[in-house]
Amino acid sequence: MIRILVADDHPIVRSGLAGLLEVEPDMTIVGEAGDGVEAVSRATALRPDVVLMDLRMPGLDGVGATRTITSTLPQTRVLVLTTYDTDDDIVHAVEAGATGYLLKDTPRPVLVDAVRAAARGETVLAPPVAARLVSRLRTPPAPTPANPLTPREVEVLRAVARGLSNVQIARELFIGEATVKTHLLRVFAKLGVDDRTRAVMVAIQAGALPPPS
């Protein structure tokens, strides 16, 4: 079961999200929080797999709560779910360690799949969020000519950029899941990153991948 903590300062939103996810056979709501301080406290006590985190909350905001949770509970993933998609909000949330960033108008099936992906440690970004994030990232060093990405590594990274899981990538490219992981580790090493989101962003900046439409 994926154990979920819902953090939002609106009780109706919390109840709605809880009801929406609780019906999934592989998900259970272990708690709710009405502000950032309570989110940190409840996450520490409950050790959920995923925290659905709003950004604008009284007291400690979602970014501060995310930073604390990800630094003290490395096995807990934070999936931001908010109405705000400004550049600063997105960048600060990602820098704080959020695994994903979705908007509250996200369709239910997409949200459910995103929670599952976040629980697996995979990055989930709403398309407009990904576009804004790319535009704000400072240009990182591109892969050196002596060690460029191979065609297969580019294929895998393109699939990651489309939001596919390792299992889905393996199925699409007719390779084993372990091979997908090996390709990603090599991509991380070449690009000087340690997560899927940063790998995609760096590859786009370096011209190895096209920017999101």
For helix 127-136, report the angle its Cα long axis makes with the longest principal axis of the Cα atoms of the chain; keep it between 0 and 90° and round to the nearest 10°.
70 degrees
Report ³J(HN,Hα) in whole Hz for each residue of segment 67-77, in order, from the Karplus equation J = 6.51 cos²θ - 1.76 cosθ + 1.60 where θ = phi - 60°; Gly and Pro get x.
4, 5, 5, 5, 7, 9, 10, x, 8, 8, 9
Which of the three applies to the chain, rounded, prolate or oblate, going by the alpha-carbon gyration tensor with a ≥ b ≥ c and a/c under 1.5 meaning rounded?
prolate
Computed FRET efficiency, Cβ-Cβ of Leu20 and Thr150, R0 41 Å: what is it to the nearest 0.05?
0.50
Charge dipole of the chain about the Cα centre (unit charges at C-beta), most positive-ward option of Leu60, Leu173, Ser71:
Leu173
Which residue, chosen from Val94, Val187, Val200, occupies the Cα position most advanced towards the positive end of the dipole of the chain, where the dipole is computed from +1 (Lys, Arg) and -1 (Asp, Glu) charges on Cβ about the Cα centre?
Val187
At Leu185 and Asp105, where each label point lies 7 Å from the Cα along Cα→Cβ, what is the point-to-point distance in nanometres?
4.2 nm
First compute the accessible area of the chain with a 1.4 Å probe, then give the percent of it belonging to carbon and sulfur atoms.
55 percent
In whole Hz and in residue order, list the ³J(HN,Hα) couplings for segment 24-30 that follow from phi through the Karplus curve 6.51 cos²θ - 1.76 cosθ + 1.60, θ = phi - 60°; x for Gly and Pro.
6, x, 10, 10, 9, 8, 9
Where nothing but the Cβ of Lys and Arg (+1) and of Asp and Glu (-1) is charged, how large is the charge dipole of segment 31-102 around its Cα centre, in debye to the nearest 20?
360 debye
Dipole magnitude (debye, nearest 20) for the chain, charges at Cβ of Lys, Arg, Asp, Glu:
720 debye
Crossing angle, helix 36-46 versus the chain [Cα axis fit, 0-90 degrees, rounded to tens]:
80 degrees
Whole-Hz couplings from phi, Karplus 6.51/-1.76/1.60, listed for segment 168-180; x for Gly and Pro:
5, 5, 4, 5, 5, 9, 6, 10, x, 4, 4, 5, 4
List the relative contact order of the chain as a percent without decimals, with contacts defined as Cα pairs under 8 Å and 6+ residues apart.
14 percent
Can you grab the distance from the C-alpha centre of segment 157-212 to the C-alpha centre of segment 1-39, Å, no decimals?
30 Å
Using only DSSP helix segments of four residues or longer, with each worth -39500 (n - 2.57), what per-residue ellipticity at 222 nm results for the chain after dividing by its residue count and rounding to 500?
-15500 deg cm²/dmol
Let me check against my output: what whole-number percent is the relative contact order of segment 25-113, with C-alpha pairs under 8 Å and at least 6 apart?
24 percent
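The values are calculated or read from the model by the stated rules, or taken from the named source; none is laboratory data. What you see is a predicted model; the values in this text were computed from it and never measured. All Cβ positions, glycine included, derive from the backbone under ideal geometry; neighbour counts span all protein chains shown. To get the accessible areas, we keep the full protein, side chains included, count just its heavy atoms, and leave off ligands, DNA and RNA. Shrake-Rupley method; radii C 1.70, N 1.55, O 1.52, S 1.80 Å.
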